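Enquirer: One structure, as structure tokens, below. Some questions next.
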Amino acid sequence: MEDFLARGSSGVAAIALHPKAAAHQQAAAEAAIAAGIDVLYDPRTERLAYPGHGLDRLPGYVGAPFDINQLALNLSHRQRLVEAVVTAHPDFSTVLTPPHFYVDGMRAGRLNLALAEATILATDKPVRPVLMLKSRFSHDDAGTLAAEYSDAGFTQIDLRFTPLGGEGDGIPKIRSAFKVADIFRTAGMRVILGRSGNIGQAAFALGHVDGYSMGIGQMEHVSHAADIARQKRPPVLDQDGKRKGGIWQGVYLPGLAATVSMKRARQLLENSDVRTRLGCRIEGCANSLLGPVIDHKSHYLHSRASDATRLLQTPPHWRPKLETDRLRRALELRELVNESYRAPESPAMPTRTLRSLLDGIEEERATSVA
Ligand SMILES: [Zn+2]
């Protein structure tokens, strides 16, 4: 991240520090500040409403799960949580993220707002709340919440929809998320679609959001239920006490609009029939046939940032066309890979979300022309 930002930060507006490792990410934060972009920190407190493993290093952890209904009634418990989260932000963060919890209705929505307002009072820095909404959140309730956030003085928000952003999303779910984003923008807020890959990029291209965020080779979708199920399973350790299975190394293949496993990426990039259509010619990748798998993190940063830059450099009314072309090429290439270049043990590349996005964009463009 440090090296990437030192070379330029085009297409990138902010970085987010790790909930548990932020203190060790100072060099990256300083590179971001030097590049003039924001440094956020995500406390991931939504995980604290459920029992599980690995929670004790999250800010605000009190040894037992938070009861959302109790927290909604108890000002002093909320204050303690806000203080813990504000304190957990490293000094070098430039924007604060309040504690936040999963929102399935107005009570949880207003609890999040109360925590966000308390955070404003505890800091001089700008505050950007996270609102993790169930994917079919009521549009009427979204309107009420958006107005209340706006009245409380918030000018930016990180919306996350769960579950959303996997490969099996249908048009109605995507359309509903875009509608909620529109509602918050209409209320005067700068909206970021958090933890979102292709759907975030499409939402940005269509003008539903002001930005989108992701991890490095990961966090391109939100599944709150899967996150919570994972934390409830005890970690499987090897004989040295290290977590078994290692860390997921996601390799972004721009031509497929997909982040795949290291093994899958290598197999595809080694195939001379499809290699050139998958590949990347930016920075280190220009000089290496297997660039995306050799330095998958640098590749992820430069390829994702260049996708965003390309959109930013295109006048807004041409962006949907640019995005449609990208998704259509990716869909065709996924189909080609499935038909002709798939190892027997590899699963087929999914296509539903790409199709939904393409059909959804087509529909929107038809409506806006009509
Ligand atoms: Zn690359």
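Enquirer: Name the long-range amide H neighbours of ARG190: under 5 Å, sequence gap of 5 or more, or other chain; modelled H, no Pro or chain starts.
Expert: Counting only residues 5 or more places away or on other chains, the set is GLN156, ILE157.
Enquirer: Mind sorting GLU332, GLU46 by how few other Cβ atoms lie within 10 Å of their own Cβ, fewest first? Spell out each step's value before the answer.
Expert: Numbers: GLU332 14, GLU46 24.
Taking fewest neighbouring Cβ atoms as first place, the list is GLU332, GLU46.
Enquirer: Here's something else I'd like to know. Once both labels are modelled 7 Å past Cα along the beta-carbon direction, what's the LYS244-ASN69 spacing in nm?
Expert: Computed distance between label sites LYS244 and ASN69 equals 3.9 nm.
Enquirer: Helix-derived [θ] at 222 nm for the chain: sum -39500 (n - 2.57) over DSSP H runs of at least 4, divide by residue count, nearest 500?
Expert: Numbers: 15 runs with 170 residues, N = 370.
Rounded to the nearest 500, the figure is -14000 deg cm²/dmol.
Enquirer: Rank these for me by crowding, ARG319, ARG160, going from fewest to most other beta carbons within 10 Å. Intermediate values should be presented prior to the final figure.
Expert: On the way: ARG319 20, ARG160 25.
With the sparsest Cβ surroundings first, the list reads ARG319, ARG160.
Enquirer: Based on the Cβ-Cβ distance of ARG275 and TYR61, what FRET efficiency does E = 1/(1 + (r/R0)^6) give at R0 = 45 Å, to the nearest 0.05? Present the calculation step by step, with values, prior to reporting the outcome.
Expert: Details: r = 47 Å, r/R0 = 1.04.
So, using R0 = 45 Å, E works out to roughly 0.45.
Enquirer: Alpha carbon centre of segment 1-27 versus segment 268-292: separation in Å?
Expert: First find each Cα centre; the distance between them is then 25 Å.
Enquirer: Using only Cα atoms, tell me the angle between helix 139-151 and the longest principal axis of the chain; keep it within 0 to 90° and round to the nearest 10.
Expert: 60
Enquirer: Segment 10-100: which trypsin sites (Lys or Arg not before Pro) are DSSP loop and have at most 16 other beta-carbon atoms within 10 angstrom? Mind showing how you got there, number by number?
Expert: On the way: sites: LYS20, ARG44, ARG47, ARG57, ARG78, ARG80; in loops: LYS20, ARG44, ARG57.
Passing sites in segment 10-100 are LYS20, ARG57.
Enquirer: Answer rounded, prolate or oblate for segment 250-369, using the Cα gyration tensor with square roots of eigenvalues a ≥ b ≥ c: rounded when a/c is under 1.5, else prolate when a/b is larger than b/c, else oblate.
Expert: Numbers: a/c = 2.55, a/b = 1.36, b/c = 1.88.
Since a/c reaches 1.5 but b/c is at least a/b, the shape of segment 250-369 is classed as oblate.
Enquirer: What number comes out for the charge environment of LEU289, summing +1 per Lys or Arg and -1 per Asp or Glu over other residues with Cβ under 15 Å away?
Expert: Details: positive: ARG266, ARG275, ARG277, ARG281; negative: GLU270, ASP273, GLU283, ASP295.
With Lys, Arg at +1 and Asp, Glu at -1, the neighbours total 0.
Enquirer: Run through the DSSP bridge list for segment 2-232 and note the antiparallel percent, rounded to the nearest 5. Write down the numbers at each step before the final one.
Expert: Details: 1 of 18 bridges.
If we restrict to bridges inside segment 2-232, about 5 percent are antiparallel.
Enquirer: For a footprinting-style exposure proxy, rank VAL95, VAL260, VAL180 by other Cβ within 10 Å, fewest first. Spell out each step's value before the answer.
Expert: Working: VAL95 17, VAL260 20, VAL180 25.
The most exposed by this proxy come first: VAL95, VAL260, VAL180.
Enquirer: Let's see if you can work this out: charge +1 on each Lys and Arg Cβ, -1 on each Asp and Glu Cβ, no other charges. What is the dipole magnitude of segment 293-370 about its Cα centre, in debye to the nearest 20?
Expert: Numbers: 13 positive and 12 negative charges, 44 e Å.
That gives a dipole near 220 debye.
Enquirer: Right, another one. Can you list the GluC sites (Glu not before Pro) in segment 92-176 that are in a DSSP coil and have 16 or fewer other beta carbons within 10 angstrom?
Expert: Working: sites: GLU117, GLU148, GLU167; in loops: GLU167.
The qualifying sites are GLU167.
Enquirer: Counting Lys +1, Arg +1, Asp -1, Glu -1, what net charge surrounds ALA118 among other residues with beta carbon under 13 Å of its beta carbon? Working shown, then result.
Expert: Numbers: positive: ARG78, ARG80, ARG110; negative: GLU83, GLU117.
Once all neighbours under 13 Å are counted, the net charge is +1.
Readers should treat all values here as calculations from the given coordinates under stated rules, not as data from a laboratory. These numbers were taken from a predicted model, which means no experiment stands behind them. When we count neighbours, we look across all protein chains shown, and the Cβ atoms used for this are built from the backbone with ideal geometry, even at glycine.
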